[in-house]
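Have a look at the structure below before the remarks.
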Amino acid sequence: MNAMIDVAGRRRSPAAMPGYHAGRPPRYPADPPRVEEIIAVMRHAGPGSHGDRTRGLIVVLWRSGLRIAEALDLRESDLDERRGALLVRHGKGGKRREVGMDEWGWEQLRP
């Protein structure tokens, strides 16, 4: 069977073939912020409850890997420090899941 024809007899795109993109640089390479940059933003958040809330949001996004909408939907009852887990009630696709966060992240959330 010709590799350019699928099971239904339709012609396949060359881009769907294995190795088509091999050796090419990604169109939009990943450019995550460095640790120093994240810490600098956290320090610049300011004092008081607003600063604590901003730092808490940054820590949750950074250390647990949540999407912004998931982090903004969290309630205090969704945080389980004893188990080191955060409960995401409505994640991508409306799915419920639990994610972990390290001890340093929990220390930053305590205030």
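The values are calculated or read from the model by the stated rules, or taken from the named source; none is laboratory data. Since the model is a prediction, treat every value here as computed from it, not as a measurement. Counting neighbours? That spans all protein chains shown, and the Cβs are built from the backbone with ideal geometry, glycine included.
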Task: Output for region 97-108, where each listed residue is loosely packed, with under 14 Cβ neighbours inside 10 Å and out of contact with any strand residue (DSSP E or B) (no Cβ under 7 Å at 6 or more places or on another chain) - done: ASP102, GLU103, TRP104, GLU107
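Per-residue answers, yes or no, for (1) at pLDDT 95 or above; (2) of a type outside the set (A, V, I, L, M, F, W, C); (3) surrounded by 12 or more Cβ atoms within 10 Å (Cβ to Cβ):
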{"site": "PRO33", "(1), (2), (3)": "no, yes, no"}
{"site": "ALA45", "(1), (2), (3)": "no, no, yes"}
{"site": "SER49", "(1), (2), (3)": "no, yes, no"}
{"site": "ASP52", "(1), (2), (3)": "no, yes, yes"}
{"site": "LEU61", "(1), (2), (3)": "yes, no, yes"}
{"site": "GLU70", "(1), (2), (3)": "yes, yes, yes"}
{"site": "LEU86", "(1), (2), (3)": "yes, no, yes"}
- [ ] Could you check how many residues of region 63-85 are closer than 19 Å to PRO111 by Cβ and in a loop (DSSP other than H, G, I, E, B)?
- [x] 5
- [ ] Go through region 89-111 and give me each residue that's part of a strand (DSSP E or B) and either over 12 Å from VAL60 (Cα atoms) or of a type in the set (D, E, K, R) (or both).
- [x] ARG97, GLU98
Task: Residue list for region 80-98, restricted to those being touching a residue at least 24 places away in the same chain (Cβ under 8 Å) and either aromatic (Phe, Trp, Tyr) or closer than 13 Å to ALA69 by Cα (or both) - done: GLY91, LYS92
